[in-house]
Amino acid sequence: MKEAAQRGNEKMEVMTFGSANGKEYGLNDTGRPVVNFDIKTRRTLRAPDGDDTKTGNENAAKAKHCFDIGNLDLFYGDFQALKNVNMGIEQGEVTAFIGPSGCGKSTLIKTLNRMNDLVEGCRVTGDVELFGENIYGAIDVNLLRKRVGMVFQKPNPFPLSVYDNIAFGPRTHGVRSRYELDKIVETSLRDTAIWDEVKDRLKKPALDLSGGQQQRLCIARALAVSPEVILLDEPTSALDPVSTGKIEELLLTLRGKYSIIIVTHNMQQAARISDKTAFFLLGEAIEYNDTETMFAMPKDKRTEDYITGRFG
Ligand SMILES: Nc1ncnc2c1ncn2[C@@H]1O[C@H](COP(=O)(O)OP(=O)(O)O)[C@@H](O)[C@H]1O
Ligand SMILES: [Mg+2]
């Protein structure tokens, strides 16, 4: 959903997330939290009437791919940022997108939950199917973003307590029971291996946590609405090596239960945690293969040049 928000003189496009403590919270297209903005048409993330717990898992059991991308082109105005991308992304695996800066990795990952809808002048053609369903057709975009969660480069907790950050999504989707919310908060924090570190400070501001903890909190926030796919755009590039290691371990434990797509400019990271790797150059998917094969025996000269450090 696209809303124009005005903050001082700054005009920005924001994704409405919901409200808490009488304020509106959202994320802009770079993942920056936007608080208390003034929107003309206020809409919340609440799913339409009916069962909002169905997330397509029935279909998921049938399909091997979480995403099928076909003949995908994307334009920012006149500039073509993605060129005829074709790719099936495996369910339950970790897929890494690598390539030099500006090759379209973030653009592609944002296309998968329609975060690019928030970018003025952005046009997408081709097919993107989530478990067989065209996500650019008549689809509830709020529900799509519940099914396909996103974690950004810079940890972006809302200026709320640890608890309220995790409970935010479920509340927005209509979960009211305290018992239910407590359960979701604990499970999400346990699943992201941060429970022991924060269980005694659930009511404290999330922004008091360290950068690495904040990023695990953001992953927990994404898990709290039971997504099927988790998109991560360079989630460790702002973190120290120890925090990076914790996030990598964490992603390996989430593998299988969730389909994970991670953008990384760290090739060792791709090699350590991903099952499949896609290499991009100037908006094109140059090579896509099992990670091991890709790093051991790249087929394309350009992939080889990149992974051997000749450019990038
Ligand atoms: N909002 C935007 N408007 C116009 N051009 C953009 C926008 N976002 C990205 N681009 C351009 O699209 C290309 C791909 O960018 P991006 O997807 O951010 O690359 P990467 O994540 O691989 O570094 C770059 O040339 C970038 O300048
Ligand atoms: Mg990027």
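Numbers below:
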quantity: The range 215-229, residues that are out of contact with any Asp or Glu (no Cβ under 8 Å at 6 or more places or on another chain) and either under 12 Å from Arg145 (Cβ atoms) or part of a helix (DSSP H, G or I) (or both); calculated: Gln215, Arg216, Leu217, Cys218, Ile219, Arg221, Ala222, Val225, Pro227, Glu228, Val229
quantity: Test: residue in the range 168-178 that is within 16 Å of ligand 2 (Cβ to nearest atom), within 21 Å of Leu223 (Cα to Cα) and among the aliphatic types (A, V, I, L, M); calculated: no
quantity: Condition met for Asn134 (modelled with pLDDT of 95 or more and surrounded by fewer than 16 Cβ atoms within 10 Å (Cβ to Cβ)); calculated: yes
quantity: Neighbours by Cβ (under 6 Å, 6+ apart or cross-chain): first from the range 105-134, more than 16 Å from ligand 2 (Cβ to nearest atom); second in a strand (DSSP E or B) and β-branched (Val, Ile, Thr); calculated: Val128/Ile69
quantity: Among residues of the range 135-168, those that are without any contact (Cβ under 8 Å) to a residue 40 or more places away in the chain and assigned to a helix (DSSP H, G or I), counted; calculated: 1
quantity: Search result, residues across the range 84-134 that are away from ligand 1 (no atom under 15 Å from the Cβ), touching an Asp or Glu at 6+ places or on another chain (Cβ under 7 Å) and aliphatic (A, V, I, L, M); calculated: Val94
quantity: Scope the range 253-283; condition surrounded by fewer than 16 Cβ atoms within 10 Å (Cβ to Cβ) and out of contact with any Asp or Glu (no Cβ under 9 Å at 6 or more places or on another chain); matching residues; calculated: Gln268, Leu282
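Results for (1) part of a helix (DSSP H, G or I); (2) within 30 Å of Leu217 (Cα to Cα); (3) among the basic types (Lys, Arg), shown as yes or no for each residue.
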{"position": "Ile260", "(1), (2), (3)": "no, yes, no"}
{"position": "Ala271", "(1), (2), (3)": "yes, yes, no"}
{"position": "Ala285", "(1), (2), (3)": "no, no, no"}
{"position": "Pro298", "(1), (2), (3)": "no, no, no"}
{"position": "Thr303", "(1), (2), (3)": "yes, no, no"}
{"position": "Tyr306", "(1), (2), (3)": "yes, no, no"}
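The values are calculated or read from the model by the stated rules, or taken from the named source; none is laboratory data. Predicted model, so just to flag it, every value in this text is computed and none were measured. Neighbour counts run over all protein chains shown; Cβ positions are idealised from the backbone, glycine included.
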